[in-house]
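The values are calculated or read from the model by the stated rules, or taken from the named source; none is laboratory data. Remember, predicted model here, so these are calculated numbers, not experimental data. All Cβ positions, glycine included, derive from the backbone under ideal geometry; neighbour counts span all protein chains shown. When the accessible area is computed, the model is the full protein with side chains, heavy atoms only, and any ligands, DNA or RNA have been set aside. Shrake-Rupley method; radii C 1.70, N 1.55, O 1.52, S 1.80 Å.
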Amino acid sequence: MSEPETYVTYAHDSGVARITLADGDRGNPIHPASVAQLHDAVRRAQRDAAKVIVLAAQGRFFSVGGDLGAFAAADDVTVFIDDLAEALHRVVSELVRSEAVVVSVVQGTAAGAGFPLAAAADVVLAADTAKFSLAYTKVGLSPDGGSSLLVHTLGLHRALRLAILGDLLTAQEAYDAGLVARVVPAAELAETAEKVVATLAAGSGTANATAKRLLRDVATATPEAALRQESLAIRSLAGSPDGLEGVAAFVEKRAPRFA
């Protein structure tokens, strides 16, 4: 039996857990196997009592988002997307609820569910070339992965613009909106991330965890309720005529013909 493919790597040292999306050649797409490995890595970080979790990615993209090819090939796309959304939401919920400070390092585009995954971190670091995009409605689907939680950071109408118009948010715009903590030249991103992580690792884990819990509880008292609503919405759209057409058009590399 062949070894399963590695989509996510994990390492822990001196209170810092490093979780890396490792399917860079394909743009780190989100599919059941990658989410399962991501969830396992987050659980390992919790077992290791990490003070800091670093979420990074290999390749040109942080993540291109959901694997639409897998969506199109699913026997029952509604069940497939519902299961995938629920699995991803467990990861997002555990990152938000974690006692560790979560740092995401975004070196390239974070698209689709890759955007809210990066934004689930407490501290988002970005290269000046990074971009953020939801783009779900372009394929006839609604946002998931914690996208609705972006309203608390970006504001309602900016979030609506990103969700409905499919606009890109540059790293500088994300910084100006309060989402990104640092924007640096791409060549300096790794060094900047190490400095930030070292500062957090040397700090008080209990104080940081308490501050995180207090502020997040005020901002989003029930993130799980929002995540559940996202699952129900995208599940409904996945089997709809527009959802089926949008995914098929993407796979076939043509413009969708929505009703």
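What number of residues within region 1-51 satisfy the criterion of being of a type in the set (A, V, I, L, M), assigned to a strand (DSSP E or B) and in contact with a Lys or Arg (Cβ under 9 Å, 6 or more places away or on another chain)?
4
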Subject >> Hits in region 94-138 - residues which are part of a helix (DSSP H, G or I) and touching a strand residue (DSSP E or B) at 6+ places or on another chain (Cβ under 9 Å) >> reply: Leu95, Val96, Gly114, Phe115, Pro116, Leu117, Ala118, Ala119, Tyr136
Original post:
For region 224-242, which residues satisfy the criterion of being touching a helix residue (DSSP H, G or I) at 6+ places or on another chain (Cβ under 8 Å), farther than 16 Å from Ala87 by Cβ and open to solvent by less than 50 Å² (accessible area, probe 1.4 Å)?
Top reply: Ala226, Gly239
Subject >> Single residue of region 243-259 satisfying the filter (in contact with a helix residue (DSSP H, G or I) (Cβ under 8 Å, 6 or more places away or on another chain) and either among the basic types (Lys, Arg) or in a loop (DSSP other than H, G, I, E, B) (or both)) that is most open to solvent (accessible area, probe 1.4 Å) >> reply: Arg257
**OP:** Residue by residue through region 94-110, note down the ones that are under 16 Å from Ala135 (Cβ atoms) and either open to solvent by 20 Å² or more (accessible area, probe 1.4 Å) or acidic (Asp, Glu) (or both).
**Re:** Thr109
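Within region 1-54, work out how many residues are of a type in the set (A, V, I, L, M, F, W, C) and open to solvent by 70 Å² or more (accessible area, probe 1.4 Å). Lay out the reasoning, then the answer.
Of all residues in region 1-54, those of a type in the set (A, V, I, L, M, F, W, C) come to 1, 8, 11, 16-17, 19, 21-22, 30, 33, 35-36, 38, 41-42, 45, 49-50, 52-54.
Now restrict to residues that are open to solvent by 70 Å² or more (accessible area, probe 1.4 Å): 1, 49.
Looking only at that region, the number is 2.
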**OP:** Determine whether Glu191 is among the charged types (D, E, K, R), under 27 Å from Lys131 (Cα atoms) and modelled with pLDDT of 90 or more.
**Re:** yes
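Just one of Phe61, Phe115 is of a type in the set (Phe, Trp, Tyr), closer than 27 Å to Lys212 by Cβ and crowded, with 24+ Cβ neighbours inside 10 Å; which is it?
One residue alone meets the criteria, Phe115.
For region 223-250, name all the residues that are of a type in the set (A, V, I, L, M, F, W, C), under 11 Å from Gly145 (Cα atoms) and modelled with pLDDT of 90 or more. Full working, then the answer.
Narrowing region 223-250 to residues of a type in the set (A, V, I, L, M, F, W, C): 225-227, 232-234, 237-238, 244, 247-250.
Within this subset, residues satisfying the condition of being under 11 Å from Gly145 (Cα atoms) are 226-227, 234.
Answer for region 223-250, where residues must be of a type in the set (A, V, I, L, M, F, W, C), under 11 Å from Gly145 (Cα atoms) and modelled with pLDDT of 90 or more: just Ile234.
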Original post:
Within region 185-213, can you find the residues that are open to solvent by 70 Å² or more (accessible area, probe 1.4 Å) and within 13 Å of Glu99 (Cβ to Cβ)?
Top reply: Thr206, Arg213
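When region 116-166 is examined, which residues are found to be among the acidic types (Asp, Glu) and either in contact with a Leu (Cβ under 7 Å, 6 or more places away or on another chain) or within 29 Å of Val251 (Cα to Cα) (or both)?
Initially, region 116-166 is screened for residues among the acidic types (Asp, Glu), giving 122, 128, 144.
Residue satisfying the conditions is Asp144 alone.
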Original post:
Mind checking which residues of region 1-40 are over 19 Å from the mean Cα position of the chain (by Cα) and touching a residue at least 40 places away in the same chain (Cβ under 8 Å)?
Top reply: Ser14, Gly15, Val16
Original post:
Looking at Leu88, Leu68, Leu38, Leu84, which is the one that is of a type in the set (A, V, I, L, M, F, W, C), out of contact with any strand residue (DSSP E or B) (no Cβ under 9 Å at 6 or more places or on another chain) and under 22 Å from Ser147 (Cα atoms)?
Top reply: Leu68
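State all residues of region 205-222 that are at pLDDT below 90 and in contact with a helix residue (DSSP H, G or I) (Cβ under 8 Å, 6 or more places away or on another chain); if no residue qualifies, say none. Lay out the reasoning, then the answer.
Step one: of region 205-222, the residues at pLDDT below 90 are 217-222.
Residues satisfying the conditions are Ala219, Thr220.
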**OP:** Provide a single number: the residues in region 167-179 that are in a loop (DSSP other than H, G, I, E, B), surrounded by fewer than 17 Cβ atoms within 10 Å (Cβ to Cβ) and touching a strand residue (DSSP E or B) at 6+ places or on another chain (Cβ under 7 Å).
**Re:** 1
**OP:** Could you check Arg182 against (1) in contact with a Leu (Cβ under 8 Å, 6 or more places away or on another chain); (2) within 30 Å of Gly15 (Cα to Cα); (3) buried (at least 20 other Cβ atoms within 10 Å of the Cβ) and say which number it fails?
**Re:** (3)
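Of the residues Phe62, Phe71, only one is hydrophobic (A, V, I, L, M, F, W, C) and closer than 16 Å to Val124 by Cβ; which? First the steps, then the outcome.
Numbers: Phe71 fails: closer than 16 Å to Val124 by Cβ.
Within the list Phe62, Phe71, the selection yields Phe62.
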